[in-house]
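See structure below.
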Amino acid sequence: MKIRDAKECRFDLVSLGECMIRLSPPQHGRIEFSPVLEVWVGGGEYNVAYALSRLGLRTGWIGGLNSSPMGAIIRNHARAVGMDVSYVVERKYDGVGKKDRIGLNFTEVGVSKRASVTLYDRGHSATAGIKPGEINWNKLFKQDGVRWLHTGGIFAALSENTRQVVAEAVKAAHEAGTIVSYDLNFRSKLWTSQEAIATTKPLVPYIDCLIGNEEDFQKVLGYEAEGVDVEKAGSLDVGPFKKMVERVVKDFKNIKVVGTTLRGVKTATVNDWSAIMWTEGQFYDGPKYENLEIEDRVGGGDGFASGFIYGFLTGKTPQECVNLGVAHGALLMSTMGDTSQITLEELLHIAGGGSARIKR
C-alpha cells in the first residue's frame, strides 16, 4: 500500500467524526443511583487521531464544536496531546441547545453478567449540522497534505448533511493520494441497515481500508458471514468471516486492507480478544488474548484501528501491524474512558510479546 511521504505532508492522519462528552458513574455504578458522574471525552473517529497523537504522530481532528464550556472540554482535551483542531467547524452556542449542541452519552461500565450500556443524548449537535462545502478539502489534502484520513459509519449516520460531507471528504482524499480508512461501525440507534447500505456502498470505491466486525459488514455493506449469528456473543469461527472478506475484496478491487476485531464475551470484564487482517492477498492472525481482564471495553475497536494504522504509517510489516492493533486495543481496555492512555513504550512492549511483570 503506497502511503504519501511524511516530508510532503503536514499531517500523518486526520480523522473526521463527532466527539462527545461521556458521563459515567464511577467504576461499575448505575446511572439511576449515582450521585456523581465522571466526565470523559471521546468519539469513534476522534479516538483514533487522539491515540496516534499520543504515539508521536502528527494528527488532526475535524468535527463540530460550539463556544460553550462543553465545547472547550473537547477542544482542550484534543490540544493537550497536540492534535490540530484548526479545521474544526465552530458554532456560536445559543445558550439552550436548540441547535449546534455538544453531543452527550451516558455510559455504564458493566461487570459480571451485566453488560456495559451507552445511552445517547446527541441530537441537533454541531457535528451533525456541518454542511457540504464548509470544510476546505482542497487546502487540507493538497496544500497541507495528509497521509491518512480516518472516518466512518458513526459520522455518516448522524444526518443527511454528514452523509454528503463524508462523501466529499473521501473523494477529495482519494484524489489527493491520501489513504482512506473507514470504520463501518453500525449503530442501530442512529440509522437502519437499509440506510447504511445505501449510503456506504457508493463510498467504497474511494476507500483503501475497511474496518468492521461481521455485524458491520452485514448491516452496512450487505455481506453475510454464512452460518454466523451476528446477534450472538461468544468466540467466532473466523472461517466464514474470511470467506466473506474475500467476497468483499473481489467485488471492490481498490480495497487494500480489511481489519476486524474478534471478541468472545465471557463476562463484561473477561473477554477473549484478538483480530485478523487481510492485506496483499492474504490473512494475518493477531495474537490471541484469552480471558483478558477488562476495565472498560468502550473504545477497544478504536484502539485496534489506531494500533494497526500506526504500524502502516511507520513502515511495519502486515503481521506487525495486526499485532500492534490487538495489543493496543487490549491495553486501551485496561483503563477507564474511551481514549487511549497508552504510551508508545507500553505498546511496543506488549505487541512484541512482553508480559505484565511489574516494573520497578
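The values are calculated or read from the model by the stated rules, or taken from the named source; none is laboratory data. Computed from a prediction, not measured in an experiment: that's the story for all the values here. All Cβ positions, even for glycine, are placed from backbone atoms using ideal geometry, and neighbour counts span all protein chains on display. All accessible areas refer to the heavy atoms of the entire protein, side chains included, with ligands and DNA or RNA removed. Shrake-Rupley method; radii C 1.70, N 1.55, O 1.52, S 1.80 Å.
What the table below lists for this structure:
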{"item": "Residue satisfying all of: in the range 219-248; open to solvent by 90 Å² or more (accessible area, probe 1.4 Å) and modelled with pLDDT of 90 or more; nearest to Asp208 (Cα to Cα) among these", "result": "Glu246"}
{"item": "Some residue of the range 81-89 being part of a loop (DSSP other than H, G, I, E, B), over 14 Å from Asp12 (Cα atoms) and touching an Asp or Glu at 6+ places or on another chain (Cβ under 7 Å)", "result": "no"}
{"item": "Helices (runs of 4 or more DSSP H) fully within the range 110-217 counting 3 or more residues that are in contact with an Asp or Glu (Cβ under 9 Å, 6 or more places away or on another chain)", "result": "153-157, 160-175"}
{"item": "Selected residue (criterion: modelled with the lowest pLDDT) from residues of the range 336-360 that are more than 17 Å from the chain's Cα centre (by Cα) and β-branched (Val, Ile, Thr)", "result": "Ile358"}
{"item": "Subset of the range 85-115 (residues that are closer than 15 Å to Ser24 by Cβ, among the charged types (D, E, K, R) and surrounded by fewer than 18 Cβ atoms within 10 Å (Cβ to Cβ))", "result": "Arg114"}
{"item": "When residues of the range 78-92 are limited to those that are within 22 Å of Gln143 (Cα to Cα) and of a type in the set (A, V, I, L, M, F, W, C), the one farthest from the chain's Cα centre (by Cα)", "result": "Val89"}
{"item": "Inter-residue pairs, beta-carbon under 6 Å, first closer than 14 Å to Phe252 by Cβ and in the range 207-219, second surrounded by fewer than 24 Cβ atoms within 10 Å (Cβ to Cβ) and of a type in the set (Lys, Arg), 6+ apart", "result": "Asp208/Lys256"}
{"item": "Residue check for Leu190: within 26 Å of Ala268 (Cβ to Cβ), of a type outside the set (Lys, Arg) and in contact with a Leu (Cβ under 9 Å, 6 or more places away or on another chain)", "result": "yes"}
{"item": "Members of the range 317-360 that are of a type in the set (D, E, K, R) and closer than 22 Å to Val298 by Cβ", "result": "Asp338, Glu346"}
{"item": "Qualifying positions in the range 332-355 - open to solvent by less than 40 Å² (accessible area, probe 1.4 Å) and either assigned to a loop (DSSP other than H, G, I, E, B) or touching a Ser or Thr at 6+ places or on another chain (Cβ under 8 Å) (or both)", "result": "Leu332, Met333, Thr335, Met336, Gly337, Asp338, Thr339, Ser340, Ile342, Gly354"}
{"item": "Gly259 being in contact (Cβ under 8 Å) with a residue 40 or more places away in the chain, touching a Leu at 6+ places or on another chain (Cβ under 7 Å) and closer than 29 Å to Gly352 by Cβ", "result": "no"}
{"item": "Selection within the range 257-301 - part of a loop (DSSP other than H, G, I, E, B) and on the phi < 0 side of the Ramachandran plot", "result": "Ala268, Thr269, Gly286, Pro287, Lys288, Ile294, Glu295, Asp296, Arg297, Val298"}
{"item": "Pairs, first under 24 Å from Ala128 (Cβ atoms) in the range 95-117, second of a type in the set (S, T, N, Q), C-beta under 6 Å, six or more apart", "result": "Asp100/Asn66; Arg101/Ser125; Gly103/Ser125; Asn105/Thr118; Thr107/Ser24; Thr107/Thr118"}
{"item": "Filter result for the condition that a residue is more than 20 Å from the chain's Cα centre (by Cα) and buried (at least 24 other Cβ atoms within 10 Å of the Cβ), over Leu158, Leu140", "result": "Leu140"}
{"item": "Glu295 touching a residue at least 12 places away in the same chain (Cβ under 8 Å) and under 21 Å from Gly329 (Cβ atoms)", "result": "yes"}
{"item": "Verdict on Lys250 being charged (D, E, K, R), farther than 23 Å from Ile154 by Cβ, assigned to a helix (DSSP H, G or I) and touching a strand residue (DSSP E or B) at 6+ places or on another chain (Cβ under 7 Å)", "result": "no"}
{"item": "The range 307-324 - residue that is more than 11 Å from Val48 (Cβ to Cβ) and small (Gly, Ala, Ser) and, of those, most open to solvent (accessible area, probe 1.4 Å)", "result": "Gly315"}
{"item": "Residue satisfying condition, being open to solvent by 60 Å² or more (accessible area, probe 1.4 Å) and of a type in the set (Phe, Trp, Tyr), within set Tyr182, Tyr120", "result": "Tyr120"}
{"item": "Qualifying residue in the range 289-300 (condition: touching a helix residue (DSSP H, G or I) at 6+ places or on another chain (Cβ under 8 Å) and closer than 29 Å to Gly60 by Cβ)", "result": "yes"}
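The rows are residues; the columns are (1) open to solvent by 10 Å² or more (accessible area, probe 1.4 Å); (2) in contact with a Leu (Cβ under 8 Å, 6 or more places away or on another chain).
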residue: Lys250; (1), (2): yes, no
residue: Gly264; (1), (2): no, yes
residue: Lys288; (1), (2): yes, no
residue: Asp302; (1), (2): yes, yes
residue: Ala305; (1), (2): no, no
